[in-house]
Amino acid sequence: MWDLDTVESVRQKLGELTDLHGLRRIFKEARKDKGQDDFLGNVVLRLQDLHCREDQWYPLEPCTETYPDRGQCHLQFQLIHKRRATAASRSQPSYTVHRHLLQQLVSHEVTQHQAGSTSWDGSLSPQATTILFLHATQKDLSDFHQSMAQWLAYSRLYQSLEFPSSCLLHPITSMEYQWIQGRLKAEQLEELATSFTSLLAYGLSLIRRFRSVFPLSVSDSPSRLQSLLRVLVQMCKMKAFGELCSDSAPLPQLVMEALRTGTVEWFHLKQQHHQPMVQGMLVAGKALLNLVQDVMGDLHQCQRTWNKIFQNVLKIDLFSMAFLELQWLVAKRAQDHTSAVGSPVSPEMGESLFQLYISLKELCRLGPVPLDRDRVLALDSFHHWFQPAIPSWLQKTYSVALERVQRAVQMDKLVPLGELTKHSTSAVDLSTCFAQISHTARQLDWPDPEEAFMITVKFVEDTCRLALVYCSLIKARARELSAGQKDQGQAANMLCVVVNDMEQLRLVIGKLPAQLAWEALEQRVGALLEHGQLQNTLHAQLQGALAGLGHEICTGVRTLAEQLEVGIAKHIQRLVGVKESVLPEDAILPLMKFLEVELCYMNTNLVQENFNSLLTLLWTHTLTVLAEASASQRSSSLASSRLKVALQNLEICFHAEGCGLPPEALHTATFQALQRDLELQAASSRELIQKYFCSRIQQQVETTSEELGAVTVKASYRASEQKLHVELLSASGLRPLDSNGSSDPFVQLTLEPRHEFPELAPRETQKHKKDLHPLFDETFEFLVPAEPCQKDGSCLLLTVLDHDTLGADDLEGEAFLPLRGVPGLTSSEEPSEAPQMRLPLTYPAPNGDPILQLLESRKGDREAQAFVRLRRQRAKQASQHALRPGQ
């Protein structure tokens with residue numbers, strides 16, 4: 001861009017002069033060439049950057065320090081070319097030429113992208129766009145004809161080249177918006193109709209083969225299929241399609257038919273692929289199993305991926321259709337195969353059939369439940385085809401489990417797995433083995449209730465049998481490993497592990513009802529079985545196995561206990577023979593140390609339940625040994641005191657501060673009897689005598705009848721005088737002991753025991769002739785301090801006798817008035833009127849009293865012997881007039 005410079009004369013310039021500055025400018029211009037234009041700037045454009053039409057402002061260049069902003073230039077461009085006639089333009093419609101041109105350009109674009117390993121997105125290059133625009137402009141093609149040409153080109157190329165089907169949506173939309181009936185010629189309508197039917201047929205062929213055309217191994221396959229379906233849907237919705245292809249069936253119907261046909265074709269292809277090269281039932285079974293696995297894999301893909309696409313676009317349930325078709329095809333081949341197998345079924349064939357049964361069961365689970373369908377499926381009763389194989393399956397399950405049990409025991413070193421896990425490796429292997437049996441039973445899940453019940457019975461029977469076999473094997477393994485062992489402790493370790501293994505097995509067996517779902521089975525077969533049949537079969541088997549395991553565990557614990565019982569017996573015998581100078585607390589130390597070491601060891605090596613059983617056995621044995629020692633040392637109070645201390649410490653040891661046996665397990669009847677015996681044996685003779693009177697007082701309290709009669713008495717204690725005041729009022733209901741049918745009663749009053757009241761002589765009442773209800777009304781006073789009266793066993797013995805002139809007096813009965821409860825004894829105040837007390841008469845025990853027997857065994861104790869002699873005399877007197885039944 002230049003600034004035009006015009007030539008002026010000097011006179012003209014001087015006429016315009018106004019100041020000195022203007023003069024200087026005149027001199028400067030005089031030095032320039034005449035007629036030279038000024039440079040304003042230029043614009044440089046690249047032809048490849050220009051479009052068909054351009055209209056914009058461009059900056060002038062170059063920009064320098066002198067001229068940083070030269071301004072802008074507004075330019076408008078329009079590319080035109082000369083018209084030229086070609087053979088195609090003369091013989092074909094313009095839109096046809098345009099379509100051919102578009103096909104060439106699209107084919108070139110797709111080829112270029114495929115060569116570069118990239119997918120074409122449907123956009124043309126700028127050069128191709130320019131050429132198409134120029135051609136459409138030159139030929140004056142309408143937008144509708146351009147869209148129609150684009151549709152014809154893209155729909156034809158889509159059937160031969162690989163590019164996104166979404167490229168077809170734009171021409172479809174454009175044609176739909178611009179469609180006017182009757183604007184196209186007949187040949188154009190025919191060409192458009194042909195494009196519709198051709199693309200529809202090609203699309204349906206792709207849909208029929210969608211499993212191979214759109215593999216899920218390619219990430220964009222679902223989106224490509226969905227795009228194709230949407231193109232077909234939009235095409236079938238077009239007004240043009242409705243006018244030109246009015247006889248076409250609805251698209252969902254066509255797609256459903258294509259899917260059904262494609263599913264059957266896919267199945268036959270898979271069947272041919274798995275067809276074995278070698279004939280044989282096992283090979284055929286494996287091929288059929290692989291075919292079923294492929295079918296399930298395809299159904300899973302349909303359910304998870306493809307069904308959503310067809311459902312969303314066309315409201316077609318692809319999964320249900322595919323399942324119905326494939327299950328019929330699979331059922332036909334499975335039934336033919338199982339019929340050809342025949343019976344009996346070999347173990348190898350049984351394994352093959354079992355895998356096929358499990359696969360068919362999984363296949364059926366994919367389909368709709370019976371309540372949600374309107375027809376019977378070919379696979380509904382498929383389990384009947386496998387009935388001949390059931391014995392083979394059950395036998396194979398048992399055989400495999402037995403082999404695992406034998407191998408597990410043979411490899412077991414009978415060593416605990418850890419500090420917290422006290423069983424060995426074979427117990428873990430056995431638990432795994434039983435879990436596998438339960439898993440097999442759950443896999444089988446036989447549909448027929450009665451047959452399912454029999455199968456469960458067989459599984460339980462085999463499991464219980466394996467448990468007992470394991471017990472025999474593990475015991476034999478323990479004997480084998482301990483045969484060369486010199487260390488008895490090592491043998492005891494192994495025995496502990498064996499017991500723990502059996503206990504672990506018992507826990508596993510106890511879980512069978514839950515693992516085999518007995519409760520659900522009972523609900524299924526409850527109406528088919530007789531009352532109690534389930535209890536008499538499954539539960540009886542389980543209880544029998546648990547009882548057998550319990551017996552084996554008890555035998556093992558019993559063996560461990562016997563090893564300890566010998567040591568306990570030895571220490572108890574040594575305890576009895578320790579010198580008299582050794583204190584009881586020191587004498588029992590060896591026994592307690594022995595038990596502490598052994599029980600701690602057993603607690604470490606046995607599980608808690610078995611350890612408690614061991615403690616129970618040892619406790620029972622210990623009590624027995626103590627009772628035997630106590631019986632042999634009845635005459636020695638020193639030995640008895642040691643045994644008593646031992647019993648007390650053993651009780652603490654076995655209780656172990658709540659970690660051992662509970663109190664109710666320790667305080668058995670044997671323990672209580674032994675405790676009483678030892679307390680009696682350890683007591684002195686005088687203490688025994690006091691205990692004797694305590695027992696007689698208690699016996700009197702427990703007596704509710706007055707068969708021998710009773711005495712009525714009042715008693716009080718006057719602390720100020722230290723006197724015991726007794727008023728004997730009467731006796732009643734006495735028995736006639738004389739031949740004349742009456743008695744001559746009197747009462748002898750004695751303070752007992754004698755060693756507490758040595759200076760007080762017995763007192764007697766007046767004798768009453770022939771009176772069975774005498775009124776004595778006599779008062780007696782005993783000078784006695786309060787302290788001995790307050791002791792246990794202190795009492796006033798009231799002996800009622802029948803006076804005989806010629807012979808010894810007969811005994812009517814005895815009554816005991818305990819002194820501890822006498823009014824005034826425990827307080828310093830004088831008692832008020834003493835209450836009457838009616839005391840029933842009793843006889844001494846006819847079979848001897850254990851306290852008297854103990855006193856009698858102490859031959860060197862004169863006081864004890866005298867007391868026993870007196871009480872024996874009273875018992876003899878009582879036996880002469882003992883009551884007889886009905887008297």
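Taking the 0 to 90 degree range and rounding to the nearest ten, how far is the long axis of helix 94-115 tilted relative to the main principal axis of the chain, both from C-alpha atoms?
50 degrees
What is the distance, in nm, between label points placed 7 Å from the Cα along the Cα-to-Cβ direction at Gln335 and at Ser857?
9.0 nm
Show me the ranking of peptides 796-803, 335-342, 301-308 by mean Cβ neighbours inside 10 Å, starting with the highest.
Packing proxy ranking, top to bottom: 796-803, 301-308, 335-342.
Explain nothing, just the number: dipole magnitude of region 775-853 about its Cα centre with +1 on each Lys and Arg Cβ and -1 on each Asp and Glu Cβ, in debye rounded to the nearest 20.
The calculation lands at about 380 debye.
Residue by residue, what Karplus-based ³J(HN,Hα) values in Hz, rounded to whole numbers, does region 607-616 have, using 6.51, -1.76 and 1.60 with θ = phi - 60° and x for Gly and Pro?
5, 4, 5, 5, 5, 5, 5, 4, 4, 4
Given the rule -39500 (n - 2.57) for each run of at least 4 DSSP H residues, summed and divided by the residues of the chain, what is its mean residue ellipticity at 222 nm, to the nearest 500 deg cm²/dmol?
Theoretical 222 nm ellipticity from helices: -19000 deg cm²/dmol.
What's the center-to-center distance, using Cα atoms, between region 737-793 and region 580-635 in Å?
Between the Cα centres of region 737-793 and region 580-635 lies a distance of 50 Å.
So for the pair Asp771, Gln188, with labels modelled 7 Å out along Cα→Cβ, what separation do we get in nm?
15.6 nm
With all protein chains present, how much of the accessible area of the chain (probe radius 1.4 Å) comes from carbon and sulfur, to the nearest whole percent?
About 52 percent, which is the carbon plus sulfur part of the accessible surface.
What's the angle, to the nearest 10 degrees (0 to 90), between helix 318-341's Cα axis and the longest principal axis of the chain?
Between helix and principal axis, roughly 60 degrees.
Number of Lys pairs in region 391-556 with C-alpha atoms less than 19 angstrom apart, excluding same-chain neighbours closer than eight positions?
Taking region 391-556 as the scope, the lysine pair count is 7.
May I ask you to evaluate 6.51 cos²θ - 1.76 cosθ + 1.60, the Karplus curve with θ = phi - 60°, for each residue of region 452-464 and list the ³J(HN,Hα) values in order in whole Hz, giving x for glycine and proline?
Calculated HN-Hα couplings, in order: 4, 5, 5, 5, 5, 4, 5, 4, 5, 4, 5, 5, 5 Hz.
Loop only by DSSP, 16 or fewer other Cβ within 10 Å of the Cβ. Give me the trypsin sites (Lys or Arg not before Pro) in region 101-198 that pass, ordered by residue number.
Passing sites in region 101-198 are Arg183, Lys185.
Before anything else, pin down the relative contact order of region 706-881: Cα pairs under 8 Å, at least 6 apart, normalised by residue count, whole percent.
26 percent
How high is the relative contact order of the chain, in percent, with contacts defined as C-alpha pairs under 8 Å that are six or more residues apart?
Relative contact order here is 6 percent.
Hey, if you put +1 on the Cβ of every Lys and Arg and -1 on every Asp and Glu Cβ in the chain, which of Asn536, Leu157, Val97 ends up farthest toward the positive end of that dipole?
Val97
Let me make sure I get this right: for region 560-612, a, b and c are the square roots of the gyration tensor eigenvalues over alpha carbons, sorted descending. Under 1.5 in a/c it's rounded, otherwise prolate if a/b > b/c, else oblate. Which is it?
prolate
Which listed residue (Asn290, Tyr357, Thr338) has the Cα farthest towards the positive end of the charge dipole for the chain, taking +1 on Lys and Arg C-beta and -1 on Asp and Glu C-beta about the Cα centre?
Asn290
Taking the solvent-accessible surface of protein heavy atoms with a 1.4 Å probe, what is the per residue accessible area of the chain in Å²?
Using a 1.4 Å probe on heavy atoms only, each residue of the chain averages 54 Å².
At a 10 angstrom cut-off on C-beta neighbours, averaged per residue, how do the peptides 819-827, 412-420 rank from highest to lowest?
Peptide ranking by packing, descending: 819-827, 412-420.
Quick one: which residues, 5+ away or cross-chain, put their amide H under 5 Å from the amide H of Cys73? H built at 1.01 Å from N.
Result for Cys73 returns Tyr58, Leu60.
Step through the residues of region 139-156 one at a time and calculate ³J(HN,Hα) from phi using the Karplus curve (6.51 cos²θ - 1.76 cosθ + 1.60, θ = phi - 60°), rounding each to whole Hz and writing x for Gly and Pro.
8, 6, 7, 6, 4, 4, 5, 5, 5, 5, 4, 4, 5, 4, 5, 5, 5, 6
Show the residues, 5+ positions off or on another chain, whose built amide H is closer than 5 Å to the amide H of Cys795.
Glu752, Leu819
Hey, what did region 111-256 get for relative contact order, percent, Cα under 8 Å, at least 6 apart?
The value is 25 percent.
Shape of region 94-248 from its Cα gyration tensor (a ≥ b ≥ c, root eigenvalues): rounded if a/c is under 1.5, otherwise prolate when a/b > b/c, or oblate?
oblate
Give the Cα extents of the chain along the principal axes, in whole Å, largest first.
Projected onto the principal axes, the Cα atoms of the chain cover 195, 107, 64 Å.
Go through Val400, His667, Val457 and say which Cα lies farthest out towards the positive end of the charge dipole of the chain; charges sit on Cβ, +1 for Lys and Arg, -1 for Asp and Glu.
Val400
Suppose the chain between Ala631 and Val264 were pulled fully straight at 0.36 nm per residue; how much longer would it get relative to their current alpha carbon spacing?
122.7 nm
Where does the charge balance sit around Ser613 when Lys and Arg score +1, Asp and Glu -1, over other residues with C-beta under 10 Å from its C-beta?
-1
For a test of the definition: using alpha carbon positions, the gyration tensor, and the 1.5 limit on a/c, classify region 743-887 as rounded, prolate or oblate.
oblate
Calculate how steeply helix 637-655 sits against the longest principal axis of the alpha-carbon atoms of the chain, using the helix alpha-carbon long axis, and give the answer as 0 to 90 degrees to the nearest 10.
For 637-655 against the chain, the angle is about 10 degrees.
Taking the mean number of other Cβ atoms within 10 Å as a proxy for protection, how do you rank 744-750, 626-632 from highest to lowest?
Ranking the peptides 744-750, 626-632 by packing returns 744-750, 626-632.
What are the trypsin sites (Lys or Arg not before Pro) within region 493-542 that DSSP puts in a loop, where the Cβ has at most 13 other Cβ atoms within 10 Å?
Loop-located and lightly packed - Lys511.
The values are calculated or read from the model by the stated rules, or taken from the named source; none is laboratory data. Computed from a predicted structure; not experimentally measured. Quick reminder, even Gly has a Cβ in these numbers, built from the backbone with ideal geometry, and neighbours come from all protein chains shown. All accessible areas refer to the heavy atoms of the entire protein, side chains included, with ligands and DNA or RNA removed. Shrake-Rupley method; radii C 1.70, N 1.55, O 1.52, S 1.80 Å.
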